[in-house]
1. Taking GLY9 as the residue in question, decide whether it is under 26 Å from GLU320 (Cβ atoms), in a loop (DSSP other than H, G, I, E, B), within 23 Å of the chain's Cα centre (by Cα) and of a type outside the set (Asp, Glu).
2. Here's a check for you: in the stretch 124-149, which residue that is surrounded by 15 or more Cβ atoms within 10 Å (Cβ to Cβ) and hydroxyl-bearing (Ser, Thr, Tyr) is farthest from PRO13 (Cα to Cα)?
3. With the structure loaded, tell me whether PHE157 is out of contact with any Phe, Trp or Tyr (no Cβ under 9 Å at 6 or more places or on another chain), aromatic (Phe, Trp, Tyr) and closer than 20 Å to GLY54 by Cα or whether it fails that test.
4. Collect the residues in the stretch 252-311 that are in contact with a Leu (Cβ under 7 Å, 6 or more places away or on another chain) and among the charged types (D, E, K, R), keeping them in residue-number order.
5. Of (1) under 17 Å from the mean Cα position of the chain (by Cα); (2) closer than 25 Å to VAL281 by Cα; (3) among the aliphatic types (A, V, I, L, M), ILE45 satisfies all except one. Which?
6. Counting only residues that are within 26 Å of ILE192 (Cα to Cα), give me the helices (runs of 4 or more DSSP H) lying completely in the stretch 76-182 with at least 2 of them.
7. Could you figure out which of (1) within 30 Å of TYR101 (Cβ to Cβ); (2) more than 20 Å from the chain's Cα centre (by Cα); (3) free of Cβ contacts under 8 Å to residues at least 40 places away in the same chain isn't true of SER279?
8. Considering only residues that are over 15 Å from ILE142 (Cβ atoms) and not in a loop (DSSP other than H, G, I, E, B), which ones fall in the stretch 197-243?
Amino acid sequence: MHKDTMIYGGFDPAFIDIDIRPLNSSKTGFIKELPELGSHHSDTILDFQPGGNGFNLCRTLAALGRNVTYVGPSSTFFEKLIKDNGIQIQIKAIQNAEVNYTTILNLQDGEVQFNSIQGKLSIESLSEEIIKYYRKSPLKPISNVSLNPTSIEWVSFLLLSLEDEAILDSLEDSTDPLGMISSCSGTSYEGIIFVDPSDISHFERIDEFCKILVQLKKFEGEKYLSVNEYELTVLSKHFSKSPRELASFLDVPIILHTSDNVSFYGKEVINLKTKNLVSKVKFVGAGDCFNGAFIHTILDSHPITDSLSYAIEAASYLIETGKYPNALHISKRINS
């Protein structure tokens with residue numbers, strides 16, 4: 001795909017990340033566990049960043065040289081953070097959609113996120129313009145479903161718009177989007193449907209989300225489901241299937257990314273080790289960076305194994321440096 005082709009990403013809740021990084025006494029790494037209640041920890045880095053799965057994926061693609069427009073909730077502060085960080089992304093704000101906040105606590109072996117969900121994306125957030133962006137984009141993301149209270153309806157109608165560009169005309173007559181997907185005849189599309197559900201371990205609407213995954217069979221085109229170990233455990237338990245059986249049943253390749261390894265379950269099974277990193281500066285966004293780098297190479301028709309290896313290098317760079325990599329950064333890591 002030509003680098004100048006516009007990619008529209010986002011289409012999910014946005015967050016302003018408050019990144020808390022408490023360092024050890026020598027300031028060479030994160031503390032292992034929380035201090036005792038009532039104590040003070042002085043060696044702490046506090047940072048504000050624009051975030052959310054969809055935005056971080058857009059940010060990765062932009063850093064790698066793609067022409068990217070973020071479609072999602074926005075605010076004056078959110079856009080100021082984008083400008084202050086020099087992120088080369090265009091913004092198409094979804095009207096009347098609020099930006100949420102996340103506090104991220106970094107520890108030695110990973111991070112814990114505390115999400116404040118004030119805004120949501122719902123059917124009322126849809127417009128002909130948003131549908132146009134989703135239909136024409138080479139990337140058609142589905143992400144952060146557990147952090148959007150009305151995600152089932154939102155995702156259902158995004159998918160239905162691929163079959164019917166005039167789906168808005170049907171909204172007043174239906175309150176059952178899952179029923180509409182079940183009755184749709186199926187459609188082919190250009191581009192990639194990329195599903196990154198985020199943490200669904202406590203998602204109250206998991207049954208409905210799994211029904212959407214099953215209905216994805218009716219949409220004919222390239223698609224991927226990207227999960228971490230906890231998300232895959234939930235899905236495997238729900239369907240009572242192993243990862244390879246689940247990929248076959250859903251008819252969608254599954255990408256499992258953990259801190260130790262990456263596995264791909266599709267027509268072939270691929271297992272790769274991640275990097276043994278000495279320095280760890282930032283964890284949040286690493287999974288999104290991995291996904292963005294994978295998509296970047298897949299859009300250029302690279303082999304799956306090469307794309308996974310490239311994605312591992314991209315995520316490793318973010319963890320080690322705290323910065324999103326460009327293509328030269330990753331090339332140097334691969335050739336070193």
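The values are calculated or read from the model by the stated rules, or taken from the named source; none is laboratory data. Here the structure is a predicted model, which is why all the values come from computation and not from measurement. Because the Cβ atoms are built from the backbone with ideal geometry, glycine has one as well, and the counts that use them run over all protein chains shown.
1. Numbers: under 26 Å from GLU320 (Cβ atoms): yes; in a loop (DSSP other than H, G, I, E, B): no; within 23 Å of the chain's Cα centre (by Cα): yes; of a type outside the set (Asp, Glu): yes.
Criteria not met by GLY9.
2. Of the residues in the stretch 124-149, the ones surrounded by 15 or more Cβ atoms within 10 Å (Cβ to Cβ) are 125-126, 130-131, 133-135, 137-149.
Applying the additional criterion that residues be hydroxyl-bearing (Ser, Thr, Tyr) yields 125, 133-134, 137, 143, 146.
Working: SER125: 11, TYR133: 16, TYR134: 15, SER137: 18, SER143: 9, SER146: 10 Å.
Among those residues, the one meeting the criterion is SER137.
3. Numbers: out of contact with any Phe, Trp or Tyr (no Cβ under 9 Å at 6 or more places or on another chain): yes; aromatic (Phe, Trp, Tyr): yes; closer than 20 Å to GLY54 by Cα: yes.
Yes.
4. Within the stretch 252-311, LYS282, ASP288 qualify.
5. Failing condition for ILE45: (1).
6. On the way: elements: 76-84, 128-136, 151-163.
Where helices (runs of 4 or more DSSP H) fall fully within the stretch 76-182 and carry at least 2 residues being within 26 Å of ILE192 (Cα to Cα), they are 128-136, 151-163.
7. It fails just one condition, (3).
8. Selection gives ASP207, GLU220, GLU229, TYR230, LEU232, THR233, VAL234, SER236, LYS237, HIS238, PHE239, PRO243.
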